[in-house]
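The structure appears right after this line, and notes come after that.
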Amino acid sequence: MSFLALEVLLELTQLLISGVSQGCVYGLIASGFVLIYKATEMVNFAQGDLMMFGAFLAYAFISIFNFPFALGLVAAVLAMAGIGALIERFAIRPMIGEPHFSVLMITIGLGFIFRALAGFIWGSEPKSLETPYAGKFFDFDGLIIGIENIVIVLGTLALCSALAFFFKTTSLGKAMQAASQNQLAAMYVGISVKKINSITWAIAAAISAVAGILIAPVSLIDPQIGFIGVKAFAAAIVGGFGSLPGAIIGGLIIGIGEQFAGLYLPPGFSEVTAYAILLTMLLIRPHGILTSVQIKKM
Amino acid sequence: MRFIRKTNYHQDIQIFKHDGQIFWYTCLMLILLSFPFFLSDFYLGELALIFIYAIAGIGLMLLTGYTGLVSLGHAAFLGIGAYTHSYFLGLGIPFVFSLSISVLFSSLIGTLLAIPALRVTGIYLAVATLAFSIIVEQILSHWVSVTGGYRGMLVPDPSIGNLSLKPNTTFYFVCLIFVSSSVLISLNILRSPLGRAMTAVRDSEISAQSMGINLARTKTIAFAISAGFTGLAGGLLAHKIGYLAPDSFNLLISIQLLLMVVVGGLGSLHGAIYGAIFIGFLPQALALLRDNLPEKFAQIPGLEPGIFGLILVAVLIYEPLGIYGRWLKIRSFFEEFPLYRRSTHKRQRNFLKTERLR
């Protein structure tokens, strides 16, 4: 009897761990959505594809150009930051003042372009990113924890604290907060809102590159993995669009929910869990768990 | 330049604004009717496909272009229409009834979707519809007893009485009838109080509400009508593709439908038709392009979606009013020929409109 209970407990912990690590990835991508939304009131639907592209860049730097692992990661993240800033400058800035729907469509289009580009450069077969820690795991009396899962959780924690530190203490972070609260007022006190927008896009793209690198050892990289961006989007909404901690919480809820639905519900349910949670959330509490008060002005 | 002298309020809501329109649309109809006599079978098939896209485009245009509700999940209605139609056709129910059932059923599902969708606006709505379409796709894949699951479902041949609708010529006429009645119906909806309420809701919910428009009711009806049109298109599309599989109605198709209304020109029925023509001919153009490209470029797996994306981005940045907007500019160039000024159509300077209220 007690053995059976232990077995069940073990299974639950195992699921919880993989759920948390998956949820962290969703949360990271979701925080990219949230950052851009907070700063520019625009929704970047290409966030998942940016993640895919970041992972591919890391793969290119490490496996093709033979960079050392750490240097390759930094190079990929910096390159993605540059790409993010370029997107903002050439595709998003001309759209200021257009309906939000148009911006949404633009980012969807950008997502398709990135997917085609990745398919063109790296082909459509799945690639694996060589990491020093891939395939290794800890074994605690039957409870198996892959190191890549630990790395994902630690990486997310580190990135979140870095972001929190950045927004709380640095003057650039404060300027970004000011611009996200009221662009006009920020401009009056001498903050260059255009520059802030570019930086925001750069940071969001860099975050998504980190997410891509973290997820690469768990799932192979191919041009289609950007589609988990849609689930991350659901996470952002569940957590409350416009709140960074909310994005992580939403990601965790969806990640864990998905793992449990995969085991305990008939096949097919794990794919729709994220969306079922999203639709339920929209029904009960349309503005998410951690709501930042935003009522539409018409 | 034509100036219409209005002497009567009813002139504002007439279907045809002036005699010229009656003449030109009659000509168009005659040309469309005469196509089967000299066009080859292949082109008739392509035209029928364009008509089907146009019906779906009208459906999405009523929702997105006229009511201002963005749907990223319209492929789901296409799928629901297609599967319902071929399921009932398979049970032996006649073509016309089965098509009507599928239209009604899609409308019903659209009404149900409107219930959660009414509570949210903007991006939330777009994502809610996206979630809905992914759930529908999963249902289509796993409800094996009705849909055949991943194996797919063979669409029975259409016929009315003893007349088979399968040949391209007959099917062309069927689609022509449906598309022209869809245009007529939607024109009439748009000039009715309902259509004007829809436009008012799009332009400003608060002012619409203060004019006594019931927002929930208008939006729900818009969803139902839009889903109905798209379901009709789905039923016809089922015959066109012949074999239904769940992934024929995925996110890419939803995006393609949106691309259609955006490229055609949001907020005009012309736009839906132009968009349909554009989407219908794009694969042919891409196939030609592939033939003429060097080997390396022609092998790109995601070439089509990538080009879709490129066109979408370019249109939204450079011509937000789409093909119809460009056509209006070209027409006014010829109408005012020596006196045309580019600045007439200059876009106004835009500023960020915030949705925040603190």
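The values are calculated or read from the model by the stated rules, or taken from the named source; none is laboratory data. Just so it is clear, the model here is predicted, and its values are computed rather than measured. Heads up, the Cβs are rebuilt from the backbone with ideal geometry, glycines too, and the neighbour counts pull from every protein chain shown. Side chains included, ligands, DNA and RNA excluded: accessible areas come from the protein's heavy atoms. Shrake-Rupley method; radii C 1.70, N 1.55, O 1.52, S 1.80 Å.
Data table
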read-out: Amide H contacts under 5 Å for A:Leu290, placed H, 5+ residues apart; value: A:Gly240
read-out: Of all accessible heavy-atom area on segment A:232-283, the percent that carbon and sulfur account for (1.4 Å); value: 80
read-out: Förster radius 30 Å - calculated FRET efficiency between B:Leu32 and B:Leu194, Cβ distance, rounded to 0.05; value: 0.60
read-out: Stretchable slack from A:Phe65 to A:Ser219, in nm (0.36 nm times residue separation minus alpha-carbon distance); value: 53.3 nm
read-out: Separation of alpha-carbon centers, segment B:199-214 and segment B:135-172, rounded to whole Å; value: 40
read-out: Gained length - B:Lys166 relative to B:Ile206, 0.36 nm times residue gap less alpha-carbon distance; value: 9.4 nm
read-out: Stokes-Einstein D for the protein assembly as shown, Kirkwood Rh over Cα pairs, 10 °C, 1.306 mPa s (µm²/s); value: 60
read-out: Rounded to the nearest 10 Å², the accessible area of B:Asp203 at probe 1.4 Å; value: 110
read-out: Label zone at B:Leu39 (point 7 Å along Cα-to-Cβ), backbone N below 20 Å, segment B:169-192; value: B:169-184
read-out: Shape category assigned to chain B from the gyration tensor of Cα positions, a/c cut at 1.5; value: rounded
read-out: 10 Å Cβ shell holding at most 16 others, DSSP loop, GluC sites (Glu not before Pro): longest site-free stretch of chain B; value: B:1-335
read-out: Spin-label model distance (nm) - A:Arg93 vs B:Lys346, 7 Å beyond Cα toward Cβ; value: 2.1
read-out: DSSP loop chymotrypsin sites (Phe, Trp or Tyr not before Pro) with at most 12 other Cβ within 10 Å: longest gap in chain B; value: B:17-350
read-out: Distance between segment B:58-117 and segment B:24-45 - C-alpha centres, whole angstrom; value: 28
read-out: Those GluC sites (Glu not before Pro) in segment A:84-185 that DSSP places in a loop and that have at most 10 other beta carbons within 10 Å; value: none
read-out: Segment A:209-287: relative contact order as a whole-number percent, Cα under 8 Å and 6+ apart; value: 26
read-out: Only Lys, Arg (+1) and Asp, Glu (-1) charged, at Cβ; segment A:118-224 dipole about Cα centre in debye; value: 740
read-out: Net lengthening on full extension, A:Phe167/A:Arg285 (0.36 nm per residue, minus Cα-Cα); value: 39.7 nm
read-out: Lys/Arg +1, Asp/Glu -1 at C-beta; chain B dipole; positive extreme among B:Leu289, B:Ser102, B:His18; value: B:His18
read-out: Tilt relative to chain A, helix A:147-169 - C-alpha long axis, 0 to 90 degrees, to 10; value: 30
read-out: Fraction of accessible area attributable to carbon and sulfur, segment B:1-75 (%, probe 1.4 Å); value: 66
read-out: Local net charge near A:Leu15, Cβ-Cβ under 14 Å (Lys/Arg +1, Asp/Glu -1); value: -3
read-out: Chain A, dipole about Cα centre (Lys/Arg Cβ +1, Asp/Glu Cβ -1), debye to the nearest 20; value: 1300
read-out: Sequence-distant residues sharing a close amide H with A:Tyr133 (under 5 Å, placed H); value: none
read-out: For B:Leu165, distant residues with modelled amide H under 5 Å away; value: B:Ser159, B:Ile160
read-out: Normalised contact order of segment B:9-345, rounded percent, pairs of Cα under 8 Å and 6 or more residues apart; value: 30
read-out: Under Karplus coefficients 6.51, -1.76 and 1.60, residue-wise ³J(HN,Hα) of segment A:176-186 in Hz, glycine/proline x; value: 5, 4, 4, 5, 6, 7, 7, 5, 5, 4, 4
read-out: Mean Kyte hydropathy of 0.0 or more with a Cα span along the axis of at least 18 Å, helices from DSSP in chain B; value: B:19-38, B:41-60, B:74-90, B:95-117, B:122-142, B:168-191, B:215-241, B:251-264, B:269-292, B:303-318
read-out: For the protein assembly as shown, size of Cβ-based charge dipole, Lys and Arg +1, Asp and Glu -1, in debye; value: 2720
read-out: Calculated FRET efficiency for the pair A:Ile147/B:Gln14, C-beta based, R₀ 60 Å, to 0.05; value: 0.25
read-out: Cα lying deepest toward the dipole's positive end in the protein assembly as shown, options B:Ser182, B:Phe171, A:Gly146, charges on Cβ; value: B:Ser182
read-out: Protein accessible surface hidden between B and A, which excludes ligands and nucleic acids, total in Å², probe 1.4 Å; value: 5000
read-out: Å³ per residue enclosed by the Cα convex hull of segment B:1-110; value: 191
read-out: Given 15 as the ceiling on other Cβ atoms within 10 Å, longest exposed-site-free region of chain A for chymotrypsin sites (Phe, Trp or Tyr not before Pro) in DSSP loops; value: A:134-298
read-out: Exposure of A:Asp222 as accessible area (Å², to 10), given a probe of 1.4 Å and all protein chains; value: 30
read-out: Distance between segment A:150-229 and segment A:93-129 - C-alpha centres, whole angstrom; value: 18
read-out: Degrees, to the nearest 10: A:193-215 long Cα axis against longest axis of chain A; value: 10
